Amino acid sequence: MRVPHRHTREPRVAPAKKQLLIGLAAHWLAASCRAAGVLDPQGPVGSAERLILLNATGIMLVVVVPVIVLTLGFAWWYRSSNRRATYSPNWSYSGHLELVVWSIPAMVVILLSGVAWTGSHLLDPGRNLAAKTKPLRVEVVSLDWKWLFIYPEQRVATVNELVVPAGTPIEFNLTSASVMNAFFVPQLGTQIYTMPGMTTRLNLLADRPGEYPGLSSHFSGDGFSDMHFIVHAVSSSDFSLWVARTQVDGSTLDAAAYSTLASASSNVPPQQYRNVDPDMFGRIVKTTAQPFTEPRRED
């Protein structure tokens with residue numbers, strides 16, 4: 001008995017599934033674009049760092065590209081079917097070849113050293129940025145696992161949210177109330193560490209209004225992956241309105257509120273505080289500073 005032949009068809013993707021796949025692909029591409037914040041700078045520091053990255057890449061390609069081309073060329077020329085290629089292992093010293101081999105890498109090292117030397121001085125985190133407006137001072141405290149931003153002159157504070165006026169230099173003073181951490185806004189530039197009992201300085205500026213994601217770029221425990229925040233760069237008038245609204249509607253950040261805030265927690269939503277003590281940042285630094293004591297000697 002013969003079994004009738006059945007034609008097999010390739011499984012077809014339903015239109016709904018196709019739309020889902022297209023949506024996931026679009027979301028992945030959008031997320032990839034957002035993740036490449038270093039290549040999409042929105043401030044002078046980020047732009048200068050991108051220029052260094054591009055210059056260094058271009059300088060290194062002077063060596064990388066010829067090496068790749070010569071490798072492919074040698075593999076093609078010395079293939080087994082090419083009877084014209086002769087193998088000559090015993091050849092004498094060539095000064096011209098030595099000049100090429102050593103001069104190009106030496107020039108690459110010299111150029112990269114110049115780029116690094118210039119960039120390390122011009123992009124010193126503590127160096128003030130040139131601008132026509134008065135800088136805004138913001139004090140940053142990394143907690144477990146959240147970010148506390150204090151505006152001492154405005155006597156307000158925020159958690160996991162940073163509001164700054166666009167076009168105004170921001171002078172950051174940073175510390176940690178817990179373990180070592182790292183503050184980084186990729187589109188504005190310059191990652192810098194926060195350490196308990198110590199203060200680091202950072203100067204940034206947002207060229208135009210927008211929302212720029214920030215993160216912790218140093219592992220600090222279980223809630224490390226949730227230490228994200230958004231930098232809201234707004235106009236000067238909107239920033240003044242935000243400060244006035246926070247001074248009225250925000251919660252009070254006293255010693256008890258800070259003690260609760262400093263306890264370990266993750267996925268903390270943005271919060272605003274008013275009546276902030278201008279000396280709170282200094283007290284946090286002094287509290288977390290551990291005095292050095294010499295080890296006791298046993299007689």
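Just a few scattered comments:
- Distances between placed amide hydrogens fall under 5 Å for F229 paired with G214, L215, all partners being 5 or more residues away or on another chain.
- Residues with amide H under 5 Å from that of G197, placed H, sequence gap 5 or more: S176, T288, A289
- Sequence-ordered 3J(HN,Hα) estimates for the range 232-248 from the Karplus curve with 6.51, -1.76 and 1.60 and θ = phi - 60° stand at 9, 8, 10, 6, 4, 5, 5, 5, 4, 5, 5, 4, 5, 5, 5, 5, 9 Hz, glycine and proline given as x.
- Here A257 and R201 are evaluated by their C-beta separation; at R0 = 41 Å the FRET efficiency comes out at 0.95.
- Distant-in-sequence amide H partners of H218 (H built 1.01 Å from N, under 5 Å): A182
- Packing rank of 181-187, 238-244, where each peptide gets the mean count of other beta carbons within 10 Å, highest leading: 181-187, 238-244
- Summarising the strand pairing of the range 136-288, around 65 percent of its internal DSSP beta bridges are antiparallel.
- In order along the range 86-96, the Karplus-derived 3J(HN,Hα) couplings, from 6.51 cos²θ - 1.76 cosθ + 1.60 at θ = phi - 60°, round to 10, 9, 10, x, 9, 10, 7, 4, 10, x, 5 Hz, and Gly and Pro are given as x.
- Computing FRET efficiency as 1/(1 + (r/R0)^6) for S113 and A75, where r is the C-beta to C-beta distance and R0 is 41 Å, gives about 0.80.
- Modelled label positions at V67 and L129, each set 7 Å beyond Cα in the direction of Cβ, lie 3.7 nm from each other.
- Using Cβ point charges alone (K and R +1, D and E -1), the dipole size of the range 136-288 about the Cα centre works out to roughly 220 debye.
- FRET efficiency, A106 to T287 (Cβ-Cβ, R0 51 Å, nearest 0.05): 0.45
- Part-to-part distance (alpha-carbon centres) for the range 251-272 and the range 34-104, which is given in Å: 53
- Mean Cβ neighbour count within 10 Å, used as a protection proxy, ranking 160-170, 266-276 highest first: 160-170, 266-276
- Take each peptide in 51-62, 220-231, count the other Cβ atoms within 10 Å of every residue, and average; sorted highest first, the result is 220-231, 51-62.
- The overall shape of the range 150-299, judged from the alpha-carbon gyration tensor, is prolate: a/c is not under 1.5, and a/b is greater than b/c.
- Phi angles of the range 175-188 translate, via the Karplus equation with coefficients 6.51, -1.76, 1.60 and θ = phi - 60°, into HN-Hα couplings of 8, 10, 8, 9, 8, 5, 9, 9, 9, 8, 10, x, 6, 9 Hz per residue; Gly and Pro are given as x.
None of the figures in this text is laboratory data; all of them are computed from the coordinates on show. The structure presented is a predicted model; accordingly, all values stated were derived computationally and were not measured. Counting neighbours? That spans all protein chains shown, and the Cβs are built from the backbone with ideal geometry, glycine included.
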